[in-house]
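Visitor: Dumping the structure here so I can ask a few things about it.
The values are calculated or read from the model by the stated rules, or taken from the named source; none is laboratory data. Everything numeric in this text was worked out from a predicted model, so none of it was measured. Cβ placement follows ideal geometry from the backbone for every residue including glycine, while neighbour counts extend to all protein chains displayed. We work out accessible area using only protein heavy atoms, side chains counted, and drop any ligands, DNA or RNA first. Shrake-Rupley method; radii C 1.70, N 1.55, O 1.52, S 1.80 Å.
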Amino acid sequence: FSFTVFLLLCLAVPSGQALAETFNIVDVRFEGHRRVDPGAIENAVSVRAGQEVSLSDIDRDVRELFSMGRFEDVKALTEQSEQGTVLIYRLVERPLVRRIAFKGNDEFKDSKLSPIVTFKAPDIYDPLEIRRSSEAIMDAYAEEGYYAAEVETDVDFNERNEATVTFVIDEGKKVLIDEIHFEGNTVFTDKDLKKEIETKERWFLSSITGRGTYR
């Protein structure tokens, strides 16, 4: 994450000593938040107006703001006013996922893929959840015999910091079983053994029944 504090004293003393330096804060302000509740932001930080704080105190609060999972970037800056030092937390919110779409899914309907996605719309944009969702979609295709399926994501952001996430799917070809052979069977024939196993060979209606799908 990004943590920036503009203090001249940082340039004048060693870093360890600078972190131990304290200074009085006359006001604490937050900038850049649009959707996140201001009350939740204030509760996440410990620094209050009228307190004597150190850079380590501010660093701790920056980490708390990041732990909310709602911000891409957090910067802590100071300004000097007539009353004294003003602490400003400059926030960059993560986009809001407004819509989830699918493209290239001929074999699976949207209604089957939607429950597989690990996040819902509207929700906060999280690259980790998008990657997890892509992997989950590929796993679902593999379960149906599409082992070559690949999933990419296309994310479109608008001027309101809202995103449409599209999962672009290349399904590939379904893997089907042409023949099943057994080795070492002297008591039972291949035909007898084939009747006892769940795995079956493909036939002319495999595209409808799913018979012969390699799992």
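Visitor: Could you tell me, in Å, what Rg and Dmax come out for the Cα atoms of the chain?
Guide: My reading of the Cα-based Rg and Dmax gives 28.6, 98 Å.
Visitor: How far apart, in nanometres, would the label points at Glu196 and Ala136 be if each is projected 7 angstrom from Cα along the Cα-to-Cβ direction?
Guide: Going by the 7 Å Cα→Cβ label model, 4.0 nm.
Visitor: Taking the Cα atoms only, what angle lies between the long axis of helix 127-143 and the longest principal axis of the chain, rounded to 10 degrees?
Guide: 10
Visitor: Continuing with this model, one more query. Report the gain in length on full extension from Gln80 to Ala101: 0.36 nm times residue separation, minus Cα-Cα distance, nm rounded to one decimal.
Guide: Details: separation 21, 0.36 × 21 = 7.56 nm, distance 4.81 nm.
Length gained, Gln80 through Ala101: 2.8 nm.
Visitor: Shifting gears a bit: Just to confirm, what accessible area per residue do you get for the chain at 1.4 Å probe, in whole Å²?
Guide: Details: 13420 Å² over 215 residues.
Using a 1.4 Å probe on heavy atoms only, each residue of the chain averages 62 Å².
Visitor: Please report, in debye to the nearest 20, how large the charge dipole of the chain is about its Cα centre when each Lys and Arg carries +1 at its beta carbon and each Asp and Glu carries -1 there.
Guide: About 460 debye.
Visitor: For helix 55-67, what angle does its Cα long axis make with the longest principal axis of the chain, in degrees from 0 to 90 and rounded to 10?
Guide: With both axes taken from Cα atoms, the answer is about 30 degrees.
Visitor: While we're here: Which FRET efficiency value, to the nearest 0.05, is calculated for Lys120 and Ala49 with the Förster distance at 30 angstrom and r the Cβ-Cβ distance?
Guide: Details: r = 38 Å, r/R0 = 1.28.
For R0 = 30 Å, the calculated efficiency reads 0.20.
Visitor: Now, a different point. Given the chain, what percent of its DSSP beta bridges are antiparallel, to the nearest 5? Walk me through the numbers on the way to the answer.
Guide: Numbers: 23 of 36 bridges.
Of the beta bridges lying entirely in the chain, close to 65 percent run antiparallel.
Visitor: Related question: Calculate what fraction, in whole %, of the accessible area of region 100-215 sits on carbon and sulfur atoms when a 1.4 Å probe is rolled over the protein chains. Show your work: numbers first, answer last.
Guide: Details: 3810 of 7880 Å².
Carbon and sulfur: 48 percent of the exposed surface of region 100-215.
Visitor: Any idea which of Phe102, Leu193, Gln51 is furthest toward the positive side of the dipole for the chain, if Lys and Arg beta-carbons carry +1 and Asp and Glu beta-carbons -1?
Guide: The residue sitting farthest along the positive end of the dipole is Leu193.
Visitor: Provide the FRET efficiency to the nearest 0.05 for the Asp110-Ile180 pair, computing r from the beta carbons and using R0 = 41 Å.
Guide: On the way: r = 35 Å, r/R0 = 0.85.
It comes out at approximately 0.75.
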